[in-house]
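In what follows, a single structure is set out as structure tokens and then discussed.
The values are calculated or read from the model by the stated rules, or taken from the named source; none is laboratory data. Treat the numbers as computed from the prediction; the structure is a model and nothing was measured. Here Cβ is always computed from backbone atoms with ideal geometry, including for glycine, and neighbour counts include all displayed protein chains. The area values use the complete protein model at the heavy-atom level, side chains included, leaving out ligands, DNA and RNA. Shrake-Rupley method; radii C 1.70, N 1.55, O 1.52, S 1.80 Å.
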Amino acid sequence: MNKNEFLNEIAIYCEFEDSSMTLETILKTIDGYDSLSVMSMIAFIDENFGLKFSAKQFQNLTDFNSLIDLIGKEKFDND
Amino acid sequence: MSARIIDVKSYLPKNVIDNKDLAKEFNRWDPDKIETKLGIRERRISDVNETAGDLAYLAAESVLHNYDRQKIDFLILCTQSPDFFLPTTACVLQERIGLRNNIGAYDYNLGCSGYVYGLAMAKSYINTGLANSVLLLTAETYTKHIHPKDLANRTIFGDGATATIIEKADKEHIFEFDFGTSGSGKNNLIVPNGGFRHPYAQNPELKYTDSEDIYSDNHLYMNGPEIFNFSIEAVPVTVNNCIEKNKTNIDNLDYVIFHQANKYMIEYLRKKIKIPKEKFHSDMMLTGNTVSSTIPIAIEQALNDKLIKRGSKVLLCGFGVGYSWGTTIIEL
């Protein structure tokens, strides 16, 4: 998947309901973002990339681009 | 010698707090969304003066209603909220329940894995001839550990107790076990203060989570995402190990009961392990996460709902605080 597909899919999976979300959206500013959201993101990444990150690594994230960096840019298709 | 579960009963405290009550108090989440995601609508809360010992007593009375209590020759209580530092709550219960004096009784401190460990101990006592009839109790009042302003944990946890009678049988009904422990996760589900490492603080510093929940070191702290990480790593392995040790497979099992942590987590585990939905228990709607009591409550529910019956082969898997985990297969 490319980065924008990733954004769409993770938003649906985690039930983020903000349609104006972009790759630059700061995670902690998403309406209703909480520990359940982090749990959902962990599940999404485990399911789609087979990767596990600690809660601390999630806490240090800023926007979706930083999450993509954590997963590894090379795992995404070019737009 | 062999062991078999004879009966399982639960007791839940009377006070009910539902999601709408919490939504009114906190005004920052949608009760329906929480119910859909976590699978919890209500949880039972013990009274201020109602202890784990009280809940365990009432669960024991329920299971002993149709059983000669003079036959019980071992009493084991799983709790992390004992009535006293000492004496042992199980000893207090021996007298209160009216059990014989020439029996063994003790508490053990485990959380969500506790019921599986209790079955292992009961089986061991019976199979080595140390006991013929074991009363296994689980009882928690975790809600007393939670800060009143900690919405996340108040949503998840409920209080409750269960009582199980395990008796000598002609053939084995409690099969092989798989156990696991990793103290590396100790800080992710913990009540730091109140023991001798960190005494209870008179004016503890208040701490805040990203979700605006408040807690202190006198209270229960749970790092939900880390517990989720641990669970998705440990549970598939222990389930697989247990299935291998028992030389069976999921198709040969009638039913699977995991610790009912929350619906989201156990559904994710179910899919990951590829357990068919129709043979997987997922019901903590009216109880929340009752820690060591979730598995026996689920057995009782599934029997009442005729999802399982005498003779059913059921895989049980408990996992959580410690970290500690354990899995076994029983025949009811």
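How would the range A:1-71 be classified by its alpha-carbon gyration tensor: rounded, prolate or oblate, with rounded meaning a/c under 1.5 and the a/b versus b/c comparison settling the rest? Verdict is rounded for the range A:1-71. Rolling a 1.4 angstrom probe over the protein assembly as shown with all protein chains present gives an accessible area of which 49% lies on carbon and sulfur atoms.
Between B and A, buried accessible area from a 1.4 angstrom probe totals roughly 1600 Å², ignoring ligands, DNA and RNA.
In the range A:4-52, taking the dipole from charged Cβ atoms about the Cα centre, the farthest positive-side position among A:19, A:51, A:30 is held by A:51. Remark: relative contact order (chain B) = 26 percent; criterion is Cα-Cα distance under 8 angstrom and separation of 6 or more residues.
Computed from label points 7 Å out along Cα-Cβ, the spacing between residue B:95 and residue B:181 is 3.2 nm.
Can you work out the PRE-style zone for residue B:130? Point 7 Å along Cα to Cβ, and I want the residues of the range B:162-186 with backbone N under 16 Å. In the range B:162-186, the label zone of residue B:130 (backbone N under 16 Å from the point 7 Å along Cα→Cβ) covers B:166-168.
Annotation: lysines with alpha-carbon distance below 27 angstrom to residue A:75 (same-chain offsets under eight excluded): A:3, A:28, A:52, A:56, B:271, B:272, B:274.
Interface residues of the range B:255-273, defined as those with an accessible-area decrease of at least 40 Å² between the chain by itself and the complete set of protein chains (probe 1.4 Å), are B:264, B:268. Neighbours of residue A:69 by Cβ distance under 12 Å: Lys/Arg scored +1, Asp/Glu scored -1, total +1. Of the listed residues B:179, A:49, the order by accessible area with a 1.4 Å probe, largest first, is B:179, A:49.
Charges at C-beta only: +1 for Lys and Arg, -1 for Asp and Glu. How large is the resulting dipole of the protein assembly as shown about its Cα centre, in Debye rounded to 20? Intermediate results must be reported in sequence, preceding the final value.
Values: 43 positive and 56 negative charges, 266 e Å.
Magnitude of the dipole: close to 1280 debye.
The residues of the range B:1-125 present an accessible area of 47 Å² per residue when probed at 1.4 Å with all protein chains retained. Using C-alpha pairs under 8 Å with a sequence gap of at least 6, the mean separation divided by the residue count of chain A gives a relative contact order of 44 percent.
Projecting the Cα atoms of B:160, B:194, B:284 onto the charge dipole of chain B (Cβ charges, centred on the Cα centre) puts B:284 farthest toward the positive pole. Counting only DSSP beta bridges with both residues in the protein assembly as shown, tell me the antiparallel percent, nearest 5. About 70 percent, rounded to the nearest 5. Only protein heavy atoms count here; under a 1.4 Å probe, residue A:69 has an accessible surface of about 90 Å².
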